[in-house]
Amino acid sequence: MAAPAETTSPIDHPALTRVKAVFGDRRLRATRFRGQVTLIVEPADLHAIMQFLRDDEACAYNFLSDVTAVDYLQYPQAMPGRFGVVYNLLSHAHDDRMLVKTFVDPSIPTDGIEPDPALTVDSVTDIWPGAEWTEREVFDMFGIRFRNHPDLRRILTWEDYPGHPLRKDYPLRGRGERESYRVVDRTSS
C-alpha cells in the first residue's frame with residue numbers, strides 16, 4: 001500500500017502564517033492530508049513553538065488532546081527520523097485542530113532495553129499539565145524520553161519490563177515476560 005501523498009504547494013493556514021512570522025529562522029515544514037494540517041518542527045524548537053501556539057491569540061491552541069508516537073521503521077517513504085512524536089492540538093476559540101510533529105532518530109540499536117539519549121524531546125507538561133500521562137505512555141511504549149517531565153516512569157507496563165512494546169522491532173510474542181507470570185485463579189487470591 002502506497003503512503004499518502006503530502007501537499008507540496010504552500011499551505012494556507014492562519015496559525016502556520018503566525019508561526020512562520022515569529023520562527024522564520026527555524027526549520028519548519030507543513031503538510032496537509034485530508035484537510036488536517038501538520039506542522040513539523042525540529043526537536044530543539046518544539047517547546048518554544050508549542051508555548052507560542054498556546055499563548056498567541058491568533059493561534060490559541062488551548063487544549064492538548066493527545067500525545068502519541070509513530071515508529072517509521074520500514075516505512076515506504078524516507079522520514080527525517082525513525083520515531084515521530086505527534087501532538088494533537090485544539091483551539092476552542094478558533095474551532096481548529098492542528099497536529100505538531102517532531103522526529104527523533106536512535107543512536108543505538110533499538111532492539112535492546114538500554115535507554116537511548118538521542119530519543120529525547122522536551123516535555124510540554126509545563127504548558128499543558130494534562131500531557132503528563134500521555135508522555136508517560138509514549139515513554140513506556142516507545143522508549144522516547146521527555147526532558148523535564150515531573151514523573152517520567154512507566155504507566156502501562158511494570159517498571160522492569162524488558163523493552164518498549166510498540167517499537168516495530170519488538171518481538172510479537174515478547175521476550176519471555178509472559179511465560180514468567182504466575183497463574184492466579186479464584187482460590188489463590
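Quick look at the values:
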{"item": "Cα centre as origin, Lys/Arg/Asp/Glu Cβ charges: the stretch 14-188 dipole, Debye", "result": "540 debye"}
{"item": "Hz values of 3J(HN,Hα) by residue in the stretch 162-170 - Karplus curve (6.51, -1.76, 1.60), Gly and Pro given as x", "result": "x, x, 10, x, 8, 6, 5, 9, 7"}
{"item": "Which label in (i) 1.16; (ii) 1.21; (iii) 0.96 gives the computed Cα Rg over 2.2 N^0.38 Å", "result": "(i)"}
{"item": "Additional length obtainable on full extension of the chain from ASP25 to THR120, 0.36 nm per residue less Cα span", "result": "31.9 nm"}
{"item": "Protection proxy ranking of 22-35, 111-124 - average other beta-carbon atoms within 10 Å, highest first", "result": "111-124, 22-35"}
{"item": "Rough spin-label spacing in nm, given labels placed 7 Å along Cα→Cβ, for ASP151 and HIS92", "result": "2.4 nm"}
{"item": "Computed helical MRE - 222 nm, the chain, DSSP H runs ≥ 4 contributing -39500 (n - 2.57), nearest 500", "result": "-5000 deg cm²/dmol"}
{"item": "5 angstrom amide H check on PHE63, placed H, neighbours 5+ away", "result": "LEU90, HIS92"}
{"item": "³J(HN,Hα), Karplus 6.51/-1.76/1.60, whole Hz, each residue of the stretch 63-79, x for Gly, Pro", "result": "10, 8, 6, 6, 10, 8, 9, 9, 9, 8, 4, 6, 5, x, 10, 5, 10"}
{"item": "Extension gain (nm, one decimal) between SER65 and VAL183, 0.36 nm per residue minus Cα-Cα", "result": "38.7 nm"}
{"item": "Candidates LEU156, LEU64, LEU53, ranked by Gaussian network fluctuation over the chain, Cα under 10 Å, top entry", "result": "LEU156"}
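Any read-out appearing in this document is the output of simple, stated calculations on the displayed coordinates, not a laboratory observation. Only a predicted model underlies this, so the values are computations on that prediction, with no experimental measurement involved. Ideal geometry is used to build each Cβ from the backbone, glycine not excepted, and the neighbour counts take in all protein chains shown.
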